[in-house]
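Here is the structure we will look at.
The values are calculated or read from the model by the stated rules, or taken from the named source; none is laboratory data. All values derive from a computational prediction rather than experimental measurement. When we count neighbours, we look across all protein chains shown, and the Cβ atoms used for this are built from the backbone with ideal geometry, even at glycine. Only protein heavy atoms, including side chains, enter the accessible area calculation; ligands, DNA and RNA are left aside. Shrake-Rupley method; radii C 1.70, N 1.55, O 1.52, S 1.80 Å.
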Amino acid sequence: LVTWLGGTSADWNTASNWSGSIIPSCGGRDLIKIGPGVPNQPTISGATVGNFRELVILEGATLTLSGSGSLEQCATVATPFSLIVNGTLTVSGSQAIILYGDFYQNNTFSHGTGTFSLLGSSTQSIDGDEDPIQFYNVVINGTGVKTLNQQVKITNTLAFTNGVIITTTNNLLTFTAT
């Protein structure tokens with residue numbers, strides 16, 4: 001377990017902001033928690049890639065992507081590793097979120113003009129209590145089945161290269177591109 005402390009700054013890439021002074025990486029610890037009540041909430045900015053295996057943003061906490069920063073789940077991860085948003089995840093522009101596991105949206109997700117990618121070779125799901133969950137751009141690739149356990153709305157483009165998307169009559173995939 002590695003925990004965001006935010007004592008030095010909001011910079012994801014500053015070791016002293018993390019428990020154990022270890023910046024999360026694909027070779028590192030399994031679970032990352034970002035909680036409320038710290039001096040600075042994390043921001044992934046510049047050319048920084050925020051790597052993680054499993055990331056939980058707790059209620060009252062916020063993770064922001066800005067500049068050309070991106071959030072990328074380690075490619076070696078298989079489900080049940082997830083990105084779980086019980087707080088707020090903000091994409092302020094055209095940043096990328098790349099997942100090989102599941103996405104749970106239980107609070108606030110602001111998609112900006114970013115790209116949300118599901119690239120897993122194992123089963124992946126989109127779930128949560130925001131209905132519908134909205135994405136700007138979506139990329140589907142990887143041989144794994146992508147299951148929508150809630151309604152999903154794409155407001156710009158879907159790039160579907162490989163895989164299967166499972167929907168139901170209640171959990172539809174809709175497009176509202178302008």
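Could you work out the Kirkwood radius for the stretch 120-174, taking every pair of different alpha carbons, averaging 1/r and inverting it, reported in Å? So the Kirkwood estimate lands at 11.3 Å. For a test of the definition: using alpha carbon positions, the gyration tensor, and the 1.5 limit on a/c, classify the stretch 77-178 as rounded, prolate or oblate. It is rounded, given that a/c, with a ≥ b ≥ c, falls under 1.5. In the stretch 1-142, the inverse of the mean reciprocal separation of distinct Cα atoms equals 14.8 Å; this is its Kirkwood hydrodynamic radius. Find out how many positive minus negative residues lie around residue 173, taking Lys and Arg as positive, Asp and Glu as negative, among other residues whose Cβ is under 12 Å from that of residue 173. Neighbourhood net charge equals +2.
Net charge of the neighbourhood of residue 107, taken over other residues with C-beta under 11 Å away and scored Lys/Arg +1, Asp/Glu -1, is -3.
Centre-to-centre, using Cα atoms only, the stretch 115-159 and the stretch 11-65 are separated by 23 Å.
What does the charge dipole of the chain about its Cα centre add up to, to the nearest 20 debye, if the Cβ of each Lys and Arg holds +1 and the Cβ of each Asp and Glu holds -1?
Using only the charged Cβ atoms, the result is roughly 240 debye.
Carbon-plus-sulfur accessible fraction, the chain (probe radius 1.4 Å, protein heavy atoms only): 51%.
Using a probe of 1.4 angstrom and keeping all protein chains present, the accessible surface of the stretch 12-68 works out to 42 square angstrom per residue. Local charge for residue 123 was computed over the other residues whose Cβ lies under 14 Å away, with Lys and Arg +1 and Asp and Glu -1, and equals -1.
In the frame of its principal axes, the stretch 39-120 has Cα extents of 30, 26, 22 Å, reported largest first.
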